[in-house]
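One structure is given here, and the rest of the page talks about it.
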Amino acid sequence: MYYEEGATMEAISSRLRTSRSTVSRLLAHARDRGLVTISLYPPRLSPAVLEAEIRERFGVCANVVQVNPAASERERMNLVAQVAAKRVEKITRPQTVVGVAWGTTMAAVARQLTPKPPSGIKVVQLNGAVNTAGGGMGHASAVLSQFGRALEAEVHHFVVPAFFDHVNTREWLWRERSTLRVLELQAEASLAIFGAGTFSAGVPSQVYSSGYLESSDIARLREQGVVGDVCTRFLREDGSWQDIEMNRRCSGPSPADLAQIPRRLLVVSGIDKAAALRAALHAGTATDLVVDDATAQEMLARCGAEAGR
């Protein structure tokens, strides 16, 4: 009654037919026993202030999710996914094409979506998912199918490797009519939904934990200053990506390709992804962002540290 309903101690004592001092003593007991915890957020750490700073710095409409610092990384991701799912439901329009990437965060968002009545939506996979072990499509297909069921949408899979062994193989496959059909549908998208991956995170990124990259690939990417990826396109923290060799062999859209899509929702949780988030924002990949408060704070702190050098 006190913390959730905002009732005064006098009102509570009247309802419980007890004294005000008893109510006060019970409230103190609840705090002492840890039944009630209170978190203080200085103004500079409040979600509203973080959202405003992200908007001013990157021109992105941000929704910063306040999460208990004691929450596990999985709990943090699920809270962010809940908010992101509501944003997806709000900004998805009938008779449009929605581009969706696969990954751990996208799977969490898909699980939180509420089914909608049919409205002529098409969902298209943004990046290939086949890996060298011949797997990967199962995860991607599950994520896309869940988006499709929730949005009552027609789903179009992109059955190509996440990364090609040879640049010319990718170039030749991009000429095939079956591939062109999906690429053309991607180009029609008015909304894209994706996460950001990184080498190590509390909840592992699918690209780095499921057999897509050899240890030599990761070593080479680190040598080139890569901090993470968006749609399996690798990025440095300053947002540069054009001269990273492996990007020539990936199937996902580049930041330049994504920029052609009017609305682009980036979903990120976990402080380990702060550098990847900063890279994604510098690269101009997003118009909208859903992120937890700790990651937003760490990302902005990295921006401030860079500015101070």
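The values are calculated or read from the model by the stated rules, or taken from the named source; none is laboratory data. Note that the structure is a prediction, hence the values are computed from the model and not measured. A quick note on method: Cβ atoms are made from the backbone with ideal geometry, for glycine too, and the neighbour counts reach across all protein chains shown.
When region 194-221 is examined, which residues are found to be assigned to a loop (DSSP other than H, G, I, E, B), at pLDDT 85 or above and surrounded by 15 or more Cβ atoms within 10 Å (Cβ to Cβ)? If the condition is that a residue be assigned to a loop (DSSP other than H, G, I, E, B), at pLDDT 85 or above and surrounded by 15 or more Cβ atoms within 10 Å (Cβ to Cβ), then Ala196, Thr198, Phe199, Tyr212, Leu213 are the ones that fit. Being surrounded by fewer than 20 Cβ atoms within 10 Å (Cβ to Cβ) and within 20 Å of Leu191 (Cβ to Cβ), is that true of even one residue in region 67-79? No; the residues of region 67-79 include none that is surrounded by fewer than 20 Cβ atoms within 10 Å (Cβ to Cβ) and within 20 Å of Leu191 (Cβ to Cβ). The residue list Val124, Val182, Val155 contains one member that is at pLDDT 95 or above, surrounded by fewer than 23 Cβ atoms within 10 Å (Cβ to Cβ) and assigned to a strand (DSSP E or B), which is Val155. Look at (1) assigned by TED's automatic domain parsing to the domain that holds Ala201; (2) more than 14 Å from the chain's Cα centre (by Cα); (3) surrounded by 14 or more Cβ atoms within 10 Å (Cβ to Cβ); (4) among the polar types (S, T, N, Q) and you find that Asn63 fails only one, number (2).
Kindly indicate whether any position in region 250-270 is hydroxyl-bearing (Ser, Thr, Tyr), at pLDDT below 95, under 30 Å from Asn68 (Cβ atoms) and in the same structural domain as Val83 (by TED's automatic domain parsing). Taking every residue of region 250-270 in turn, none turns out to be hydroxyl-bearing (Ser, Thr, Tyr), at pLDDT below 95, under 30 Å from Asn68 (Cβ atoms) and in the same structural domain as Val83 (by TED's automatic domain parsing). If the condition is being surrounded by fewer than 21 Cβ atoms within 10 Å (Cβ to Cβ), touching a Phe, Trp or Tyr at 6+ places or on another chain (Cβ under 8 Å) and closer than 20 Å to Val100 by Cα, then region 250-309 contributes only Ser254. Checked against the criterion of being assigned to a strand (DSSP E or B), out of contact with any Cys (no Cβ under 7 Å at 6 or more places or on another chain) and under 24 Å from Arg76 (Cβ atoms), region 243-265 has at least one qualifying residue. On inspection, Val182 passes the criterion of being under 19 Å from Cys231 (Cβ atoms) and in contact (Cβ under 8 Å) with a residue 40 or more places away in the chain.
Of all residues in region 206-263, those satisfying the criterion of being farther than 16 Å from Gly284 by Cα, among the hydroxyl-bearing types (Ser, Thr, Tyr) and either in contact with a strand residue (DSSP E or B) (Cβ under 7 Å, 6 or more places away or on another chain) or free of Cβ contacts under 8 Å to residues at least 40 places away in the same chain (or both) are Tyr208, Ser209, Tyr212, Ser215, Ser216, Ser251.
Arg87 falls short on exactly one of the conditions (1) over 21 Å from Leu183 (Cβ atoms); (2) touching a Lys or Arg at 6+ places or on another chain (Cβ under 8 Å); (3) in contact (Cβ under 8 Å) with a residue 60 or more places away in the chain, and that condition is (2). Among the residues of region 181-224, those identified as of a type in the set (A, V, I, L, M, F, W, C), farther than 20 Å from Ala81 by Cα and in contact with a helix residue (DSSP H, G or I) (Cβ under 9 Å, 6 or more places away or on another chain) are Ala187, Phe199, Leu213, Ile218, Leu221. Of the residues making up region 222-231, just one is in contact with a Ser or Thr (Cβ under 7 Å, 6 or more places away or on another chain) and either of a type outside the set (Val, Ile, Thr) or part of a loop (DSSP other than H, G, I, E, B) (or both), namely Gly228.
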